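Each reported figure results from applying straightforward, stated rules to the coordinates on display, with no laboratory input. Please read all numbers here as calculations on a predicted model, not as lab measurements. Cβ atoms come from the backbone with ideal geometry, glycine included; neighbour counts cover every protein chain shown.
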Amino acid sequence: MLASYVIISPCRNEANFMRNTLDSVVKQSVLPSLWVIVDDGSTDDTANILAEYAQKHSFIRIVSRENRGHRSVGPGVIEAFYEGLETVDLKQYDFLCKLDLDLIMPVRYFETLIAKMNENPRLGNCSGKPYYIDKVTGAFVSEGCGDENAIGASKFYRRECFEEIGGFVRQVMWDGIDGHRCRQLGWIAMSWDEPDIRFTHLRPMGSSQQNIITGRIRHGFGQYFMGTGVVYMLASSLYRMTRPPLVIGGLAMMWGYIKSGLTGVPRFEDKTLSAFIKRYQWACLLKGKKKATAELNDKQAAVWLDSRP
């Protein structure tokens with residue numbers, strides 16, 4: 001059985017990408033009941049494009065914020081997301097999606113995710129996998145994301161799960177912390193690499209408004225903030241050295257982590273969750289992420305059952 005869903009999309013100066021996303025969503029086999037797009041003070045043609053689509057499609061609602069003078073990834077994006085969420089009576093919907101406006105979604109994307117949610121009541125958040133088009137070869141290349149969480153650009157949530165985890169942390173690494181919180185409370189977070197839910201990412205994951213190296217450094221800060229241990233961070237950085245930009249991307253991540261420690265950046269205040277994350281990361285290093293995640297999901301099933309009314 002299909003169900004209702006609402007999309008919330010924060011955006012700022014997305015005129016170069018957004019028609020692709022808008023066109024791909026309005027062509028979905030199962031349309032959203034409501035799509036709230038938060039224009040976070042754009043100074044390009046974003047507002048005009050949004051007005052054009054809102055006039056054509058009654059399920060699109062535009063929320064406009066004042067221009068704060070700069071684009072702020074991480075906490076800024078989530079602040080804009082919550083401004084959109086405040087206009088929604090979430091109880092009216094079964095599912096909620098945070099969706100970026102630099103994507104091209106396959107036509108059965110949301111239909112497929114809803115079907116997966118309906119098949120497994122413990123599935124709390126999910127997504128497909130992001131791919132990008134190589135500028136040199138034209139090849140459709142996977143961004144190499146793990147299976148243990150939904151992708152930040154497309155977070156599709158069961159409403160009850162989103163409410164139970166307390167929503168998103170308003171800081172860099174919000175899109176990693178949420179998956180750990182899901183597992184801590186017994187929910188399952190997942191993404192799949194399947195044809196019907198592979199989507200095109202028009203801006204490479206981990207890039208920023210400046211460049212991809214800045215984005216990798218920011219990711220290292222986010223890992224430090226979340227409480228990631230040194231050994232796990234080193235392993236993660238070594239893996240990222242094998243992905244574009246080769247070597248330097250992984251080094252930039254490690255530098256972001258080390259710099260955060262050297263400058264005394266505050267860490268995530270939820271010490272119980274941080275300890276839970278560290279135990280999971282050690283299990284991933286010792287057993288492999290796939291096996292460690294499956295074992296933890298099995299173990300946490302009792303936690304989920306105990307919390308049901």
Whole-Hz couplings from phi, Karplus 6.51/-1.76/1.60, listed for the range 264-269; x for Gly and Pro: x, 4, x, 9, 3, 7
Anchor K259: aspartates and glutamates whose Cα lies under 20 Å away (excluding residues fewer than 8 positions away in-chain): E269
Net lengthening on full extension, E119/V88 (0.36 nm per residue, minus Cα-Cα): 8.5 nm
5 angstrom amide H check on S33, placed H, neighbours 5+ away: Y5
Residues of type lysines that K291 reaches as a straight line, Cα spacing below 18 Å, ignoring anything fewer than 8 places off in the same chain: K278, K299
Tensor-based shape of the range 146-187 (alpha-carbon gyration tensor, a/c under 1.5 rounded, otherwise prolate or oblate): rounded
Given charges at Cβ of Lys, Arg, Asp, Glu: the range 151-307 dipole, positive-most of L286, W174, I258: I258
(i) 65, 44, 39; (ii) 58, 49, 33; (iii) 53, 47, 38, with the label sought being that of the calculated Cα extents along the principal axes in Å: (iii)
For the range 77-150: rounded, prolate or oblate by the Cα gyration tensor [a/c cutoff 1.5]: oblate
Three-way shape label, the range 208-309, alpha-carbon gyration tensor, a/c 1.5: prolate
Given charges at beta-carbon only (K, R positive; D, E negative), |dipole| of the chain in Debye: 980
Added length on full extension, which subtracts the Cα-Cα distance from 0.36 nm per residue, E66 to T137: 21.5 nm
Reachable aspartates and glutamates, given that their alpha-carbon falls under 16 Å from the alpha-carbon of K91 and they are not under 8 places away in the same chain: E160, E163, E164
Mean Cβ neighbour count within 10 Å, used as a protection proxy, ranking 31-40, 262-271 highest first: 31-40, 262-271
Residue-averaged [θ]222 nm for the chain, counting only DSSP H segments that reach four residues, each worth -39500 (n - 2.57): -13000 deg cm²/dmol
GNM top mover of D94, D193, D45 - the chain, alpha-carbon springs below 10 Å: D45
Bridge type composition, the chain - antiparallel percent by DSSP, nearest 5: 35
Signed unit charges on C-beta, dipole axis of the chain, positive-most listed residue C161, V303, V77: V303
Charged-residue dipole, Cβ positions (Lys, Arg, Asp, Glu), the range 190-308 about Cα centre, Debye nearest 20: 320
Size of electric dipole in the range 98-164: Cβ of Lys, Arg +1 and of Asp, Glu -1, about Cα centre, debye, nearest 20: 140
HN-Hα J in Hz across the range 157-162 - Karplus 6.51, -1.76, 1.60, θ = phi - 60°, x for Gly and Pro: 10, 5, 4, 4, 5, 4
